[in-house]
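The values are calculated or read from the model by the stated rules, or taken from the named source; none is laboratory data. Note that the structure is predicted; figures quoted are calculated from it, not measured. Note that we place each Cβ from the backbone using ideal geometry, even for glycine, and neighbour counts take in every protein chain shown.
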Amino acid sequence: MKMFDNVSQKLINSKKIVFVTGAGISQESGIPTFRGKDGHWRKHDPMKLATIDAFFDDPSLVWEWYEDRRKNILSAKPNDGHFAIANMEKLRDVIVLTQNIDGLHQRSGSTNVLELHGSIIRIKCTHCSFSDNITDNFESLPPKCTCGNILRPDVVWFGEALPQDIWKNAMEEASSCDIMIIAGTSLVVSPANTLPIYAKQNGATLIEVNPEKTMMSNDMDLSIQDTSANILPKILSVLKNE
């Protein structure tokens with residue numbers, strides 16, 4: 001545990017740990033990232049798949065792509081990184097602020113999860129107030145609501161604002177933690193990449209876990225170039241051995 005020497009006491013003394021997670025932790029469960037070498041965006045133009053205008057121009061095309069993603073996500077399983085975060089709840093006040101839309105944190109047992117970019121499992125109507133988690137395949141695409149209008153994935157598309165209640169809560173959680181662990185995110189997507197700033201302003205210790213350096217690596221108290229599945233269980237061990 002030598003890598004944690006300079007932050008181990010702060011981990012041990014911590015009361016509240018906030019995680020900011022991104023596509024990297026899900027990639028370890030077999031879900032491709034958007035910006036990696038095998039990312040979805042390398043095969044598709046996001047402006048034709050992930051904007052409200054694109055959706056209404058060709059809802060069937062967008063839904064076919066999202067159905068492929070949903071099948072991949074629903075067949076994926078949480079990894080050791082997800083489970084380590086969930087198990088920390090037994091030891092500390094733990095909040096997860098995730099950019100991921102796959103629900104793997106909840107499936108691993110985490111109970112305090114704020115989904116900044118929505119959920120691909122949750123479906124909502126483009127017209128009425130219908131919203132529900134749907135894991136079954138749709139008989140036809142695009143799927144229709146009982147009101148007759150088109151359903152869409154309840155995700156945040158390019159050009160759309162984050163759900164304001166979720167974002168407000170995320171800023172408050174980031175501003176009141178002792179430790180922030182940023183795992184599996186390149187910190188290039190705004191406004192999620194401002195969350196470490198809120199934590200730092202509160203005097204929190206920042207720990208980054210990512211296989212590659214990010215634009216904020218030099219601002220971290222500890223930056224570890226490794227996977228979440230490898231490192232987060234080790235952080236759990238530090239907390240257990242206090």
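Within region 88-118, work out how many residues are on the phi > 0 side of the Ramachandran plot and assigned to a strand (DSSP E or B).
1
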Would you confirm, using the coordinates I've provided, whether Glu89 is out of contact with any Cys (no Cβ under 9 Å at 6 or more places or on another chain), buried (at least 17 other Cβ atoms within 10 Å of the Cβ) and either in the same structural domain as Asp221 (by TED's automatic domain parsing) or closer than 23 Å to Glu67 by Cα (or both)?
no
Which listed residue is of a type outside the set (Phe, Trp, Tyr), outside any loop (DSSP other than H, G, I, E, B), surrounded by fewer than 19 Cβ atoms within 10 Å (Cβ to Cβ) and modelled with pLDDT of 95 or more, from Ile181, Ile166
Ile166
Which residue pairs have Cβ atoms closer than 6 Å, lie 6 or more positions apart in sequence or on different chains, and pair a first residue in region 217-228 that is among the β-branched types (Val, Ile, Thr) with a second residue that is modelled with pLDDT of 95 or more and assigned to a helix (DSSP H, G or I)?
Ile224/Ile231
Any idea how many residues of region 196-205 are surrounded by fewer than 21 Cβ atoms within 10 Å (Cβ to Cβ) and not aromatic (Phe, Trp, Tyr)?
5
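Please determine whether any residue of region 134-145 is among the aromatic types (Phe, Trp, Tyr) and either without any contact (Cβ under 8 Å) to a residue 24 or more places away in the chain or over 24 Å from Lys71 (Cβ atoms) (or both).
no
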Would it be correct to say that Asp136 is out of contact with any Asp or Glu (no Cβ under 7 Å at 6 or more places or on another chain), outside any loop (DSSP other than H, G, I, E, B) and outside the structural domain of Val113 (by TED's automatic domain parsing)?
no
Here is a check on your reading of the model: is Arg69 within 24 Å of Pro191 (Cβ to Cβ), out of contact with any Ser or Thr (no Cβ under 8 Å at 6 or more places or on another chain) and of a type in the set (Lys, Arg)?
yes
Of the residues in region 217-242, those that are in a loop (DSSP other than H, G, I, E, B), touching a Leu at 6+ places or on another chain (Cβ under 9 Å) and surrounded by 20 or more Cβ atoms within 10 Å (Cβ to Cβ) number 1
When residues of region 135-152 are filtered for being surrounded by fewer than 14 Cβ atoms within 10 Å (Cβ to Cβ) and under 22 Å from Ala76 (Cβ atoms), how many remain?
3
Inside region 206-216, the number of residues satisfying the requirement of being within 16 Å of Ile25 (Cα to Cα) and either surrounded by 15 or more Cβ atoms within 10 Å (Cβ to Cβ) or in contact with a helix residue (DSSP H, G or I) (Cβ under 6 Å, 6 or more places away or on another chain) (or both) is 6
